[in-house]
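The values are calculated or read from the model by the stated rules, or taken from the named source; none is laboratory data. What you see is a predicted model, and the numbers here were worked out from it, not measured in a lab. Here the Cβ positions follow ideal geometry from the backbone for every residue, glycine too, while neighbour counts run over all protein chains shown.
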Amino acid sequence: MKTRKYASLVYPIPVNQKFIYAVPPIFRGEIGLGARVKAPFRNRIKIGFVVDLLDKVEEGNYNILEIKEVVDSEPLITPQILELTQWIAEY
C-alpha cells in the first residue's frame, strides 16, 4: 500500500467520535492541528476540526474519504484549547 497521510476530524455534533480522512497531497503542507477543513460526512460536505495527523491507519474493510478543502490558512483552535477540549470530551 502506498504511504498516505491522514487526519482525524471531529464535527460540531453530539457524537464523541473521531473520523479518519485521507489528506490529499495538495493539502499536506497546509493542514495543521486545530484547522477547519471541509470533508464528506453523511452524504454532505461539512466543516470539521483537525484533532490529529497520522502517517498511517489500520487497514480495514472501510472506505477512507478525502478532505475536500482547507478552510483556514492558520489553525482556528490553539493547541492548548484543543488539549482542553479533548480532556473535557473524556468526561
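Does ILE81 satisfy being modelled with pLDDT of 95 or more and exposed (fewer than 13 other Cβ atoms within 10 Å of the Cβ)? Lay out the reasoning, then the answer.
Details: modelled with pLDDT of 95 or more: no; exposed (fewer than 13 other Cβ atoms within 10 Å of the Cβ): yes.
Criteria not met by ILE81.
Restricting attention to the stretch 53-69, does a residue exist that is among the small types (Gly, Ala, Ser), surrounded by 12 or more Cβ atoms within 10 Å (Cβ to Cβ) and modelled with pLDDT under 85? Give the steps one after another, and end with the answer.
Taking the stretch 53-69 first, the residues among the small types (Gly, Ala, Ser) are 60.
Going one step further and asking which of them are surrounded by 12 or more Cβ atoms within 10 Å (Cβ to Cβ), we end up with none.
Scanning the stretch 53-69 turns up no residue that is among the small types (Gly, Ala, Ser), surrounded by 12 or more Cβ atoms within 10 Å (Cβ to Cβ) and modelled with pLDDT under 85.
One residue stands out among those in the stretch 43-63 that are of a type in the set (D, E, K, R) and without any contact (Cβ under 8 Å) to a residue 40 or more places away in the chain: the one that is farthest from LYS5 (Cα to Cα), which is ARG44. For the stretch 10-42, taking the residues that are loosely packed, with under 14 Cβ neighbours inside 10 Å and within 15 Å of ASP52 (Cβ to Cβ), the one that is farthest from the chain's Cα centre (by Cα) is identified as ASN16.
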